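One structure is given here, and the rest of the page talks about it.
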Amino acid sequence: MVTWLRTNLFNNTFNSAVTLLLGTLLLYALTHAWGWGIHHAIWVADAEQCNAARGTGACWGVVTEKYRVIIFGRYPFAEQWRPFAATLLLMALLLASCMRMFWKPWLAALWLGVLVVFFALMHGGIFGLSVVATDQWGGLPLTILLASLSVVGAFPLSIFLALGRMSALPVIRTLCTVYVELIRGVPLISVLFMASFLFPLFMPEGFSIDVLLRVLVAMILFAAAYLAEVIRGGLQAIPRGQYEAASSLGLTYWQMQRKIILPQALATVVPGIMNNFISTFKDTSLVTIVSLYELTGSLDLAVNSDPNWMAYKLEGYLFIAAIYFGFCFSLSRYSQWVERQVNREKVH
Amino acid sequence: MTLWRNQKIRGWIYQIAALLLVALCVAILADNTLENMRTRGIQSGFGFLSQPAGFDISESLFGFESTQPYWKAFLTGLGNTLKVALIGIILTTILGVLLGVGRFSQNILIRGLCLTYVEIFRNVPLLLQLLMWYLLLVEFLPTAREAEPFLGMFLTKAGLTLPWFGDMPVKAGFGIKGGINVSPEFLALLLGLVIYTASYIAEIVRSGIASVPRGQHEAAMALGLSRAQAMRLIQLPQALRVIIPPLTNQYLNLTKNSSLAVAVGYPELVSIANTSINQTGRAVECIAVIMAVYLTLSLLTSVLMNAYNRRAAIKER
């Protein structure tokens, strides 16, 4: 114990001073956080108690009172079991997709099936479910839907872009390079503005597409450019000999890519793909700016509409920050685990 | 048939087909857009840039009045973007390098705190962090009347007031006089960008240092250098080669992410463009301006950083 303290905290004068200083600061911060967030906090939805505790304790009552609106946004209250079930289903599928034993061709078919069920549940209109228009969708289900569909939709597009960027045909190479660099050079907000202001102008007259779909297309186009670079990294890691061996076997370009190159390239960049998924998950918060009520937007919706709880927005922010953190942290842990797996296989 | 089997000819057919397809898509979209604009009576063209903007901009480097034309408003926005990006890049580099180097400290408290920092700030969306900083700044700080100076500075709901060329800020009635005032919008954006981006730079610096062989550290120790000297003179310079390319990306990300200012009301380029779209309806032109400016900025940053990267790269024969 004493030796551990010596080596890790007090091995010389400088480190001892740092330890004492940081330790004091940390202790101070932690006791205050404990006092505000837990000890003096109000856990029931009682506006008077919250008002009395202002400044000394947090009012988590805002979360217990408003959590349904924060999580599900404007979705009709009585029907909220539907987004709950649909999201659970989608998350189970995402979890399964993260496990190697499920990486089979039927997984793609399963994705298609689950998406159909997801939309049927959310939108309704069949099996006696009432119709809930997409502008009523919101909260966590919308966040998860946007994040997962953006990555799933971007995946095939990004494979073509990555292959195109490596292609020997100059015109195709230039087109793909220009696309990737163009999208990566501009902020996501400007692409979302395009979805909200310009896509309606792009469509033939009398033809309008749903705002959710427009935003989804924008997110896919954006995510694909970044994902394409990740996949290109994987393609570059494949030794030349693999291409030559495939050609000498008489495989055509697409056979070679499908059977030899892509499986190896994709396997090496799984951590990169996961990181892409994490940033897309965080990026979904931006759709608030073009007025879709995903998690960040639905919090505004829940808190701003009610003068009783308007003062406790910080607690609401901390609540959804914890949700985002939970998702992103687990995803990044998973991606580190995959990285270790890949490295271990390389050693053997 | 034999033509089809010729790889070269097939390649040309693919390329021509791709070009035609892209051209067709562009033509259809352009045609639809022009048609829609005509039926809805939307005027097009960049002529509006010389008309008076009619809105005020809360902060600008060289002053802006609502009677000045749109192009000046855009320029003011660009100035504000560059201001926050430049200051942000400097601060985030300092913080990020400190955090990254801190992961190699002998002191477990420093190591732990740096790791916790990285994990927390990397895994919460930047927009949410910005909104939280803004809320903290405008809700929980004292008003100018209740404020107490700290090292000659005032931090109040109205922002941060700093001494400027010997001009000390002092409390005067309901406000603070003198010094230079930094708005809470700018402060929130800067805090959010710096704290978020630093968590990424910390990881880049950490992996860069980790890529330097351990023997280099041991050799430096054997030469009698202190740990701080070894890090500064031996390990960091070699790590720079690994660090610079991803660091460039983070600088670009910071600049692009400054566009989230639209959510806290700091008048940078995107926020000004958004206001202009709402006032004039010239969405195509305003979005084109945003994209052109950011593409130029990206290009400039990569050119500069590539030049620096060439200098830092290993010189081989």
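The values are calculated or read from the model by the stated rules, or taken from the named source; none is laboratory data. As the structure is a computational prediction, the values presented were derived from the model and not from experiment. Neighbour counts are summed over all protein chains in view; Cβ atoms, including those assigned to glycine, are modelled from backbone coordinates with ideal geometry. Please note that ligands, DNA and RNA were not included when accessible areas were found on the heavy atoms of the full protein model with its side chains. Shrake-Rupley method; radii C 1.70, N 1.55, O 1.52, S 1.80 Å.
Using just the helices of chain B, give the 222 nm mean residue ellipticity in deg cm²/dmol: DSSP H runs with n ≥ 4 each add -39,500 (n - 2.57), and the total is spread over all residues, rounded to 500.
Theoretical 222 nm ellipticity from helices: -21500 deg cm²/dmol.
For the stretch B:182-317, what does the convex hull of the Cα positions come to per residue, in cubic angstrom?
131 Å³
Hey, could you get me the Stokes-Einstein D for chain B, Kirkwood radius over alpha-carbon pairs, 20 °C and 1.002 mPa s, rounded to whole µm² s⁻¹?
It diffuses with D of about 91 µm²/s by this estimate.
Tell me the label-point distance for the pair B:L115, A:L112, using the 7 Å Cα-to-Cβ offset, in nm and rounded to one decimal.
4.5 nm
For a label point 7 angstrom out from the Cα of A:D300 toward its Cβ, which stretches of the stretch A:187-203 have the backbone nitrogen within less than 18 Å?
Label zone hits: A:188-197.
Let me check against my output: what whole-number percent is the relative contact order of chain A, with C-alpha pairs under 8 Å and at least 6 apart?
Worked out over chain A, it gives 20 percent.
Rounded if a/c is under 1.5, else prolate if a/b beats b/c, else oblate: with a ≥ b ≥ c from the C-alpha gyration tensor eigenvalues square-rooted, which is the protein assembly as shown?
Cα axes put the protein assembly as shown in the rounded bin.
How much space per residue, in cubic angstrom, does the convex hull of the C-alpha atoms of the stretch A:249-348 take up?
105 Å³
Residue by residue through the stretch B:14-22, which ³J(HN,Hα) values in whole Hz follow from phi under the Karplus form 6.51 cos²θ - 1.76 cosθ + 1.60 (θ = phi - 60°), with glycine and proline marked x?
4, 5, 5, 4, 4, 4, 4, 4, 4
Spelling out what I want: for every residue of the stretch A:211-216, take phi, set θ = phi - 60°, compute 6.51 cos²θ - 1.76 cosθ + 1.60 (Karplus), and round to whole Hz; glycine and proline get x.
In residue order, the calculated couplings are 5, 4, 5, 4, 5, 4 Hz.
For chain A, set up a Gaussian network in which alpha carbons nearer than 10 Å are linked by springs, and say which option among A:A147, A:A223, A:A86 fluctuates the most.
Fluctuation is largest for A:A86.
How would the stretch A:221-291 be classified by its alpha-carbon gyration tensor: rounded, prolate or oblate, with rounded meaning a/c under 1.5 and the a/b versus b/c comparison settling the rest?
prolate
So what's the projected area for the stretch B:241-282, the Cα convex hull averaged over all directions, in nm²?
3.6 nm²
When the accessible area of the protein assembly as shown is computed with all protein chains present and a 1.4 Å probe, what percentage of it is carbon and sulfur?
67 percent
Based on the Cβ-Cβ distance from B:A27 to A:R333, what FRET efficiency comes out when R0 is 41 Å, to the nearest 0.05?
0.30
At 1.4 Å probe radius, can you tell me the per residue accessible area of chain A in Å²?
Heavy-atom SASA per residue in chain A reads 50 Å².
Can you show me the helix-derived [θ] at 222 nm for chain A, built from DSSP H runs with n ≥ 4 at -39,500 (n - 2.57) apiece and divided by the number of residues, rounded to the nearest 500.
About -22500 deg cm²/dmol.
What's the magnitude of the charge dipole for chain A around its Cα centre, counting Lys and Arg as +1 and Asp and Glu as -1 at the beta-carbon? Answer in Debye, nearest 20.
Roughly 1260 debye, rounded to the nearest 20.
Using only the Cα atoms of chain A, build the gyration tensor, take square roots of its eigenvalues as a ≥ b ≥ c, and label the shape rounded, prolate or oblate: rounded if a/c is under 1.5, else prolate if a/b is larger than b/c, else oblate.
Oblate is the answer for chain A, as a/c is 1.5 or above yet b/c matches or exceeds a/b.
Run the quick spin-label model on A:A133 and A:A33: label points 7 Å from Cα toward the beta carbon, then report their separation in nm to one decimal.
For A:A133 paired with A:A33, the spin-label model returns 4.4 nm.
Each residue of the stretch A:288-303 in order: what ³J(HN,Hα) in whole Hz does its phi give by Karplus 6.51 cos²θ - 1.76 cosθ + 1.60, θ = phi - 60°, with x for Gly and Pro?
3, 5, 9, 6, 10, 9, 6, 3, 5, x, 6, 5, 4, 4, 6, 8
Mind giving me the nanometre distance, one decimal, between the label points for B:L20 and B:L300, set 7 Å out from Cα along Cα→Cβ?
Simple spin-label model gives 4.2 nm for this pair.
So between B:R10 and B:F165, what do we pick up on full extension, going 0.36 nm a residue minus the alpha carbon distance?
Result: 48.8 nm gained on full extension.
How crowded by other chains is A:180-192, given as the mean number of beta carbons from other chains within 10 Å of each beta carbon?
Across the residues of A:180-192, the mean count of other-chain Cβ atoms within 10 Å is 6.
Rounded to the nearest 0.05, what FRET efficiency is calculated for B:L34 and B:A313 with R0 set to 60 Å and r the Cβ-Cβ distance?
Once the sixth-power term is evaluated, E becomes 0.80.
Please average, across the residues of A:48-54, the number of beta carbons from any other chain that are within 10 Å of each residue's own beta carbon, and give a whole number.
Rounded to a whole number, the mean comes out at 0.
Could you name the aspartates and glutamates whose alpha carbon sits less than 16 Å from that of A:K66, not counting residues in the same chain fewer than 8 places away?
A:D46, A:E294, A:D300, A:D306, A:E315
Hey, which lysines would be in cross-link range of B:K83, C-alpha to C-alpha under 25 Å, not counting anything within fewer than 8 residues on its own chain?
B:K72, B:K157, B:K177, B:K256
Sequence gap at least 6, Cα distance under 8 Å: using those rules, report the relative contact order of chain B to the nearest whole percent.
19 percent
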